[in-house]
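Visitor: This is the structure I want to talk about, given as structure tokens.
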Amino acid sequence: MLYTTSVANNNTVLEAKALTRRFGGLVAVNNVSFIVNKHEIFGLIGPNGAGKTTLFNLITAFIQPSSGKLLYYGAESQLRPHQIAALGIARTFQNIRLFGELSALENVIIARHLHTKSSIITGVLGLPPAPSEESKSRQKALDLLDLIGLSDRAEEKARNFPYGDQRRLEIARALALEPQILLLDEPAAGMNPNEKQQLSEFIRNLRDRFNLTIILIEHHVPLVMGLCDRIAVLDFGQLIALGEPSIVRNNPAVIEAYLGNE
């Protein structure tokens, strides 16, 4: 073992304990253990096929572990994806999953449903509390679009946005869930160096503004090294390094498996 796993404490919001996921004979995640603490920016890196997105899918209950445990705020639960979202864990996806025919505003408003109490009937008939909740959801969505610089295009269909703007719109939709933990799957994919630098500053500002804990998968090593408080490195489903960027960067196993001569 080339690293020491941290011990859970009062600030721990997420803990993976010997987490394993098998798909037939393929072990995509193999006996992985780590903790993530409150207000931390936690990076997850590794070669393609290392198991990073599978780990995200386990955390958000899109799939269930073959063995091992996930603890949320110290408690183990068998939850479904919508229950994970209600718990305060939101995510973006490697492949953008916006509703292309809906406007930017509608894409963000949709995510607000977890924070409304109106039934279908009260919504259709315009009975309380539907009108009030609709107004609040719309204003919240507009505020988030303003935050990501897209408020002037609120009524434009999502499919018409350039790739980088779609990435930001997906982040706004995740924030509409009012999460405590935000998972970002390759948020810098397809961005140029200047956009990546702006994204790094944006993520740090999000963490501070909303008091978030952020976990991100990212292939752009300079961004990860400059942004994250701690980094976990996966290779063939196994955790080969875990620690602060300066420690991970100089880990021989990480250099051999992923960083090369960087």
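Visitor: Karplus couplings for segment 213-220 from phi (6.51 cos²θ - 1.76 cosθ + 1.60, θ = phi - 60°), rounded to Hz, Gly and Pro as x?
Guide: Result, ordered by residue: 9, 10, 10, 9, 9, 7, 8, 7 Hz.
Visitor: Same structure again: Run lengths n ≥ 4 of DSSP H only: what is the helix-derived mean residue ellipticity at 222 nm for the chain, with -39500 (n - 2.57) per run over all residues, to the nearest 500? Walk me through the intermediate numbers first.
Guide: Working: 9 runs with 89 residues, N = 262.
It lands at -10000 deg cm²/dmol.
Visitor: Continuing with this model, one more query. Mind giving me the FRET efficiency for N192 and A253? R0 is 30 Å, r the Cβ-Cβ distance, nearest 0.05 is fine.
Guide: Working from the Cβ atoms, E equals 0.45.
Visitor: Right, another one. Once amide H atoms are built 1.01 Å from N in the peptide plane, which residues 5 or more positions from K38, or in another chain, come under 5 Å H to H?
Guide: T12, V13
Visitor: Rank F161, A75, G100 by how far each Cα sits towards the positive end of the charge dipole of the chain (+1 on Lys, Arg Cβ; -1 on Asp, Glu Cβ) and give me just the farthest.
Guide: It is A75, whose Cα lies furthest towards the positive end.
Visitor: For the chain, give the magnitude of the charge dipole about the Cα centre (Cβ charges: +1 Lys/Arg, -1 Asp/Glu; no others), in debye to the nearest 20.
Guide: 580
Visitor: Expressed as an acute angle from 0 to 90° and rounded to the nearest 10, what is the orientation of the C-alpha long axis of helix 163-175 relative to the principal long axis of the chain?
Guide: Rounded to the nearest ten degrees, it is 80.
Visitor: Give me the angle, in degrees from 0 to 90, between the Cα long axis of helix 130-147 and the longest principal axis of the Cα atoms of the chain, rounded to the nearest 10.
Guide: 50
Visitor: What does the extension gain come out to for A86 and S135, with contour length at 0.36 nm per residue minus their alpha carbon separation? The partial results should precede the final answer.
Guide: Details: separation 49, 0.36 × 49 = 17.64 nm, distance 2.10 nm.
Result for the pair: 15.5 nm of gain on full extension.
Visitor: So what's the angle, to the nearest 10 degrees on a 0 to 90 scale, between helix 193-210 and the longest Cα principal axis of the chain?
Guide: 70
Visitor: Working out 0.36 nm times the residue gap between N211 and Q94, then minus their Cα-Cα distance, what length gain in nm do you get to one decimal? Numbers along the way, then the final one.
Guide: On the way: separation 117, 0.36 × 117 = 42.12 nm, distance 2.38 nm.
Length gained between N211 and Q94: 39.7 nm.
Visitor: Hey, another quick one. List D165, D146, D185, D208 from most exposed to least, where exposure is judged by having the fewest other Cβ atoms within 10 Å.
Guide: Fewest to most other Cβ atoms nearby, the residues stand as D208, D146, D165, D185.
Visitor: Could you tell me which label, among (i) 21.9; (ii) 18.2; (iii) 19.3, carries the value of Kirkwood radius over Cα pairs in Å calculated for this structure?
Guide: The listed entry that was calculated here is (iii).
Visitor: List, in order, the whole-Hz ³J(HN,Hα) value for each residue of segment 178-187 obtained from phi through the Karplus relation with A = 6.51, B = -1.76, C = 1.60 and θ = phi - 60°; use x for Gly and Pro.
Guide: Going residue by residue, I get 6, x, 9, 10, 10, 9, 10, 9, 6, x Hz, with x marking Gly and Pro.
Visitor: Rank T53, I35, Q64 by how far each Cα sits towards the positive end of the charge dipole of segment 1-72 (+1 on Lys, Arg Cβ; -1 on Asp, Glu Cβ) and give me just the farthest.
Guide: In segment 1-72, that residue is Q64.
Visitor: Sticking with this one: Non-local amide H neighbours of Q238 (under 5 Å, H modeled in plane, Pro and chain starts lacking H): which ones?
Guide: Residues meeting the amide H criterion: N30.
Visitor: Counting only other residues whose beta carbon sits under 15 Å from that of A16, what net charge do I get with K and R as +1, D and E as -1?
Guide: +2
Visitor: Please compute the net charge surrounding R138, taking Lys and Arg as +1 and Asp and Glu as -1 over other residues with Cβ under 15 Å from its Cβ. Provide the component values of the computation, followed by the final result.
Guide: On the way: positive: R112, K136, K140, R173; negative: E106, E133, E134, D143, D146, E155.
Every neighbour counted, the sum reads -2.
Values in this text are rule-based calculations from the coordinates and carry no lab data. Remember, predicted model here, so these are calculated numbers, not experimental data. All Cβ positions, glycine included, derive from the backbone under ideal geometry; neighbour counts span all protein chains shown.
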